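K.L.:
Dropping a structure here in structure tokens format, bear with me for questions.
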Amino acid sequence: MSRSSRLDNIAVVLYVLGLAAAVVELFYRPFRFGPIGALLVLVAVVMSTKHRRLGTIAIAAVGVCWLIGASVAVWYSNPLY
């Protein structure tokens, strides 16, 4: 296994963890999990040039989930962080 394929595999795992954080922030404290998810996705984008499209989709999903999660938290008077 070459070094670039190992980095690509690690990047995919980071993408998945970032998307999982996006789903969690949708339902529970968006300002706590949003930056974590965005940071994981951005680190994965820097690590892998092969999966840039997945990175674009993942960072868009993190942003949209953050916006929706924050809106729902404000609407129902739940804590944001």
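Every read-out reported here was derived from the displayed coordinates using simple, explicitly stated rules and does not represent laboratory data. Remember, it's a predicted structure, so these values are computed and weren't measured experimentally. Because the Cβ atoms are built from the backbone with ideal geometry, glycine has one as well, and the counts that use them run over all protein chains shown.
K.L.:
Go through (1) closer than 25 Å to Ser5 by Cβ; (2) touching an Asp or Glu at 6+ places or on another chain (Cβ under 9 Å); (3) in a helix (DSSP H, G or I); (4) not polar (S, T, N, Q) for Ala58 and report which single condition fails.
P.N.:
With respect to (1) closer than 25 Å to Ser5 by Cβ; (2) touching an Asp or Glu at 6+ places or on another chain (Cβ under 9 Å); (3) in a helix (DSSP H, G or I); (4) not polar (S, T, N, Q), Ala58 is out only on (2).
K.L.:
Condition first: under 30 Å from Ser77 (Cα atoms), among the small types (Gly, Ala, Ser) and either touching a residue at least 12 places away in the same chain (Cβ under 8 Å) or touching a helix residue (DSSP H, G or I) at 6+ places or on another chain (Cβ under 6 Å) (or both). Now tell me which residues in the stretch 21-60 satisfy that.
P.N.:
Taking the stretch 21-60 and keeping what is under 30 Å from Ser77 (Cα atoms), we get 21-41, 57-60.
Still in the list and also among the small types (Gly, Ala, Ser): 21-22, 34, 37-38, 58, 60.
The answer is Ala21, Ala22, Gly34, Gly37, Ala38, Ala58.
K.L.:
So, in the stretch 2-55, exactly how many residues are of a type in the set (Ser, Thr, Tyr), buried (at least 18 other Cβ atoms within 10 Å of the Cβ) and part of a helix (DSSP H, G or I)?
P.N.:
Taking the stretch 2-55 first, the residues of a type in the set (Ser, Thr, Tyr) are 2, 4-5, 15, 28, 48-49.
From what is left, the residues that are buried (at least 18 other Cβ atoms within 10 Å of the Cβ) are 15, 48.
Checking which are part of a helix (DSSP H, G or I) leaves us with 15.
Total meeting the criteria: 1.
K.L.:
So, one more: Suppose we keep only residues that are on the phi < 0 side of the Ramachandran plot and of a type in the set (Ser, Thr, Tyr) within the stretch 56-81. Which one would you say is surrounded by the fewest Cβ atoms within 10 Å (Cβ to Cβ)?
P.N.:
At the first step, the residues of the stretch 56-81 found to be on the phi < 0 side of the Ramachandran plot are 56-76, 78-81.
This time we only want the ones that are of a type in the set (Ser, Thr, Tyr), so: 56, 71, 76, 81.
Numbers: Thr56: 12, Ser71: 11, Tyr76: 7, Tyr81: 11.
Going through the qualifying residues, I end up with Tyr76.
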